[in-house]
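The values are calculated or read from the model by the stated rules, or taken from the named source; none is laboratory data. Quantities reported herein were computed from a predicted structural model and do not represent experimental measurements. When we count neighbours, we look across all protein chains shown, and the Cβ atoms used for this are built from the backbone with ideal geometry, even at glycine.
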Amino acid sequence: MTLAAVFLAGCGSPDEDVARAPQVDHAQVEAALDAAERYMAQGNMVEAEAIAMELSRTAPDHFAPHDLLGRICVGQALALRARGFEEGATAAFVEAHDHYAEAVRKAPAIPGLQQSAGEIAQLAGRHEAAMEHFKSAASLSPDDPAPPLYIAQLLLASPEPEQARPWIETVLSIVPNQPHALATRAVLEMELGNWPEAFESIEAARASQPSDLVIRVIEARLHRRHGDSERAIELLLSLPMRQQAKEGVVGELALNWDAIDRPDRSAEAWAFCFASMSDARGSGRIALKVAASWIMDGQFEKAAVWIDQAELLGAPAELVEEVRALAREAEDVQD
């Protein structure tokens with residue numbers, strides 16, 4: 001069965017029958033875990049979930065069944081998010097974090113498990129829990145740059161972004177010139193209005209890892225926020241075509257085209273992204289972005305074609321109606 005079956009079945013609630021759970025030996029547990037991992041690798045999430053739920057009853061003190069159930073929920077969440085179902089995706093991330101929190105409760109001294117729990121908590125919008133997990137991971141593995149980097153990025157989005165600075169410096173003390181720490185520092189300086197320092201940091205990040213796509217997008221964002229969308233567009237259009245089609249790149253590129261009053265180019269960029277997608281599940285959501293850009297350009301007939309396409313591809317009905325309403329309002333204003 002495919003992952004879609006898991007959407008209907010849910011991620012499971014294995015704790016219902018934990019009382020008086022029979023015990024199995026270590027070899028049986030490991031064999032069952034291996035089987036579940038194989039099913040996951042094959043995309044058979046239903047069988048993997050069944051094994052994990054049974055293990056949660058027969059080996060209630062083992063963290064791995066909840067880790068497995070958490071990963072199954074993460075797969076569900078990512079698939080829903082790709083299709084534009086944000087509310088369902090958030091609910092699945094919340095359920096995933098519930099499983100990870102239980103896994104951490106059973107095995108609190110595994111730094112990688114704490115780190116994974118933090119990442120899922122962040123996706124679930126549970127930022128306080130994420131911070132606790134990341135700090136535990138940092139304490140358990142002080143030479144790992146990942147936990148302080150995630151802490152810094154959480155703090156960067158907080159009301160007091162300056163608190164991120166010591167954590168960025170911690171990362172750089174572990175790995176000098178770590179590119180994502182330098183890029184995070186660039187964003188911090190941008191948010192604080194320290195433009196020379198922001199550009200100095202992003203240039204250092206690119207020098208450290210020239211091919212990193214995320215760093216290139218952050219650099220473009222800096223130029224846009226500094227009022228130079230032409231330079232941002234130049235940076236993004238210098239990427240190979242396959243990278244220009246990535247959603248993260250197109251999102252920043254479209255913002256820059258809009259900033260210089262070229263929504264037609266935004267529409268073309270999103271259409272290129274749409275045409276390059278290998279997974280049809282998310283294509284309806286992208287079609288709506290094409291439509292929204294054509295609406296901004298006053299091209300309502302083109303927009304209508306893309307809205308209909310999005311509906312056929314299974315985009316969330318509320319998003320389709322939202323874009324249709326946007327088109328009606330824009331047409332009324334134009335008339």
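In table form, for the structure just shown:
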| quantity | calculated |
| --- | --- |
| The listed residue being part of a helix (DSSP H, G or I) and either assigned by TED's automatic domain parsing to the domain that holds GLU252 or surrounded by fewer than 17 Cβ atoms within 10 Å (Cβ to Cβ) (or both), out of ARG165, ARG221 | ARG221 |
| Single residue of ALA186, ALA198, ALA138, ALA205 found to be buried (at least 17 other Cβ atoms within 10 Å of the Cβ), within 30 Å of ILE110 (Cβ to Cβ) and either free of Cβ contacts under 8 Å to residues at least 60 places away in the same chain or in contact with a Gly (Cβ under 8 Å, 6 or more places away or on another chain) (or both) | ALA138 |
| The listed residue being closer than 13 Å to GLY84 by Cβ, among the charged types (D, E, K, R), assigned to a helix (DSSP H, G or I) and in contact with a helix residue (DSSP H, G or I) (Cβ under 6 Å, 6 or more places away or on another chain), out of ARG281, ARG231 | ARG281 |
| Test result for TYR150, over 26 Å from ALA183 (Cβ atoms), among the aromatic types (Phe, Trp, Tyr) and touching a residue at least 24 places away in the same chain (Cβ under 8 Å) | no |
| In the stretch 168-204, the residues that are touching a Lys or Arg at 6+ places or on another chain (Cβ under 7 Å), assigned by TED's automatic domain parsing to the domain that holds LEU235 and not small (Gly, Ala, Ser) | LEU188, MET190 |
| Test result for GLU87, closer than 24 Å to ILE168 by Cα and free of Cβ contacts under 8 Å to residues at least 24 places away in the same chain | no |
| Elements of type helices (runs of 4 or more DSSP H) in the stretch 54-127, at least 1 residues being modelled with pLDDT under 95 and buried (at least 20 other Cβ atoms within 10 Å of the Cβ) | 64-83 |
| In the stretch 217-273, the residues that are within 20 Å of the chain's Cα centre (by Cα) and of a type in the set (Gly, Ala, Ser) | ALA220, ALA245, GLY248, GLY251, ALA254 |
| Criterion: over 24 Å from the mean Cα position of the chain (by Cα) and in a helix (DSSP H, G or I) - qualifying residue of GLU203, GLU189 | GLU203 |
| Any hit, the stretch 292-307, residues being under 20 Å from GLN243 (Cα atoms), without any contact (Cβ under 8 Å) to a residue 60 or more places away in the chain and buried (at least 18 other Cβ atoms within 10 Å of the Cβ) | no |
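Yes/no per residue for (1) farther than 18 Å from SER201 by Cα; (2) at pLDDT 95 or above; (3) among the basic types (Lys, Arg); (4) out of contact with any strand residue (DSSP E or B) (no Cβ under 6 Å at 6 or more places or on another chain):
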position	(1), (2), (3), (4)
ASP143	yes, yes, no, yes
PRO147	yes, yes, no, yes
PRO179	no, yes, no, yes
ARG185	no, yes, yes, yes
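Yes or no, residue by residue, for (1) in the same structural domain as PRO196 (by TED's automatic domain parsing); (2) among the aromatic types (Phe, Trp, Tyr):
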| residue | (1), (2) |
| --- | --- |
| HIS226 | yes, no |
| ILE233 | yes, no |
| GLU247 | yes, no |
| LEU253 | yes, no |
| SER278 | no, no |
| LYS289 | no, no |
| TRP294 | no, yes |
